[in-house]
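See below for the structure under consideration.
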Amino acid sequence: MKLAIVALIIGLAVGAVVVYFLTKDKFFQKGVSAGIEQRKQQAEAIVGSAEQQAKRIVEDAEKDADSKKKSALIEAKDEIHKLRSEADKEIKDRRSELSRQERRMQQKEENLDKKTDNLEKKEETLNQKIKTADEKLKEAEAIKKSQMDILERISEFTKDQAKEYIISKLEEDLVHEKAVKIQAYEQQIKDECQEKARSYVSLAIAKVAADQVSEAAVSVVPLPSDEMKGRIIGREGRNIRTLETLTGVDLIIDDTPEAITLSCFDQIRREVARIALEKLIADGRIHPTRIEEMVDKAKREVEYRIKQEGERAVIETNVHGLNHELIKLIGRLKFRTSYRQNVLDHSIEVAKLCGVLAAELGVDANVARRAGLLHDIGKALTAEIEGSHVQIGVDVCKKYNENPVIIHAVEAHHNDVEPKTVIACIVQAADAISAARPAARSENYESYIKRLQKLEEICTSYEGVEKCFAVQAGREVRIMVIPEIINDEKMVLVARDIASQIESEMDYPGQIKVNIIRESRVTDYAK
């Protein structure tokens, strides 16, 4: 504040001097000398007035500063007094709180002392009771020992012997009770399983209704007229003889009007002969060369039909991923019967039953259907391969890398091995369901087929035999031999040996004609 006042005074002085000099110059120019003195006096008066005013301002500032200083000191003293009062109050409150806590701690210590005294008293009482209990225990042990001695003398058993006796009796009781419980549980489980099995089998049979057709050993081919019979027989019977030799089927031409009967136990041969004969009748040109061509065409057509039947079975049973050779073997089952039951229809039915049973039991239905479809696959090759159809089926499935579960099911479906999987048991059940249906199978027909197969097996077992066909319902065997191996003289011996083996190894009604055919043929081509 003082510096501001001084600066103001100096500024006024400097202003006065500047005014003075400016006025002086002006007066000099005008030539007024009288005004100089007057201006000087005025300037001095102004300076004096400024100095007085500056002193007065300085004095006022000093007074104001002293007043503010006193006011600030008073306020500071009031603030200090206020803070001191608050601090005193806080200290007083804390002292009172500490006093209360001290009193509380003293009360707790007094309570703890009382509890400690009570615990000591209880401990003394407890020790006294324990001591009394120990004394009573010793007394009880002594009484027990004396009574045990008395019991041992009365029962003539020692303690260990009595213990063993009681344990043995307890074990006997437990064994009996356990056996009764196990028997009851087993019976309960059997009843429940039988009930569930009946339910599953009934459901499967209800859901699968496959048609069963009894296959006969003959086929009838209609003729446009009876004149066609003579053309089929041919000059000196060469046409009918060629057809019978190529197909292994017996053609029965009797008085039946406009019909020829084909007789053969092998349905594939009979089907080939039927197709070939129908083609010859439709073509009208019937001679040995044409017969050979038609028989070849018929064989190819039957092979194609076999493939179609296999594909139909696969689609119908919803089985995917089979090898194409397996599909062909499945199709061949169309021309195979088992106890007069068509094996392909039987396999399809078993596959469907397996799928239903597997779905009810929570097993993979796809694997079950696949196993059911392939369980009799060996029957497609029983005429070509030695052995049971079960073993042949196992070998075929292994050859085409089928799942081991399916191979085991094929192997176990006739209990050749013990079934170890649920799939194998399902296949067994489905096979039994399909085979046990009333009129599904005929034992006599199966025996007849087996007899004819056995007859052909005996004939083909001889060296030099090329083909063999059992015809006339098994009353005749036609054997084609290789001319380079068996000559005319040896034919008689072979025929005699075959007849003797048939007589010794087979049971059959009537007699069987052994007919050996030896034919030499030379073929050349003109180019």
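List the residues, sorted by chain then number, that are 5 or more residues from Ile516 or on another chain and whose placed amide H is less than 5 Å from its amide H. For Ile516, the qualifying residues are Ile479. Phi angles across segment 239-246 convert, under the Karplus curve 6.51 cos²θ - 1.76 cosθ + 1.60 with θ = phi - 60°, into 3J(HN,Hα) values of 5, 5, 5, 5, 5, 5, 5, 6 Hz, Gly and Pro given as x. Close amide H contacts of Glu466 (hydrogens built in the peptide plane, cut-off under 5 Å, sequence separation of 5 or more or a different chain): Met480, Val481, Ile482.
Take the residue pairs Lys299/Lys467; Lys70/Lys92; Lys144/Lys169 and return only those whose Cα atoms are more than 21 Å apart. Show your work: numbers first, answer last.
Values: Lys299/Lys467 16 Å; Lys70/Lys92 33 Å; Lys144/Lys169 24 Å.
In this structure, Lys70/Lys92; Lys144/Lys169 lie more than 21 Å apart at Cα.
By accessible area, using a 1.4 Å probe on protein heavy atoms only, segment 263-381 has 47% of its surface on carbon and sulfur. Is the shape of segment 59-98 best called rounded, prolate or oblate, per the rule: a/c under 1.5 gives rounded, else a/b larger than b/c gives prolate, else oblate, with a ≥ b ≥ c the square roots of the Cα gyration tensor eigenvalues? Cα axes put segment 59-98 in the prolate bin.
Rounded to the nearest 10 square angstrom, Arg231 shows an accessible area of 100 square angstrom against a 1.4 Å probe. Estimated at the nearest 10 Å², the accessible area of Tyr165 is 120 Å² with a 1.4 Å probe.
If you take the beta carbon distance between Arg100 and Lys68 as r and set R0 to 51 Å, what does 1/(1 + (r/R0)^6) give as a FRET efficiency, to the nearest 0.05?
Working: r = 48 Å, r/R0 = 0.94.
The pair Arg100/Lys68 has a calculated efficiency of 0.60.
Which of rounded, prolate, oblate describes segment 370-413, given a ≥ b ≥ c as roots of the alpha-carbon gyration tensor eigenvalues and a/c under 1.5 marking rounded, otherwise prolate only if a/b is larger than b/c? Taking the square roots of the gyration eigenvalues as a ≥ b ≥ c, segment 370-413 is prolate. Leaving out ligands and nucleic acids, note down the accessible area per residue over segment 70-141 with a 1.4 angstrom probe, in whole Å². Accessible area per residue: 100 Å².
Starting from 0.36 nm per residue, how many nanometres of slack lie between Arg238 and Glu476 once their C-alpha separation is accounted for?
Full extension of this stretch gives 83.8 nm more.
Counting only protein chain heavy atoms and rolling a 1.4 Å probe, the accessible areas of His324, His414, His375 rank, largest first, as His324, His414, His375. Applying 0.36 nm per residue to the separation of Ile80 and Gln183 and subtracting their alpha-carbon distance, the gain on full extension is 26.8 nm.
Shape class for segment 326-444: oblate, because the ratio a/c of the largest to smallest gyration tensor axis (alpha-carbon atoms, square roots of eigenvalues) is 1.5 or more and b/c is at least a/b.
The values are calculated or read from the model by the stated rules, or taken from the named source; none is laboratory data. Note that the structure is a prediction, hence the values are computed from the model and not measured. Glycine also receives a Cβ, built like all others from the backbone with ideal geometry; neighbour counts cover every protein chain displayed. We work out accessible area using only protein heavy atoms, side chains counted, and drop any ligands, DNA or RNA first. Shrake-Rupley method; radii C 1.70, N 1.55, O 1.52, S 1.80 Å.
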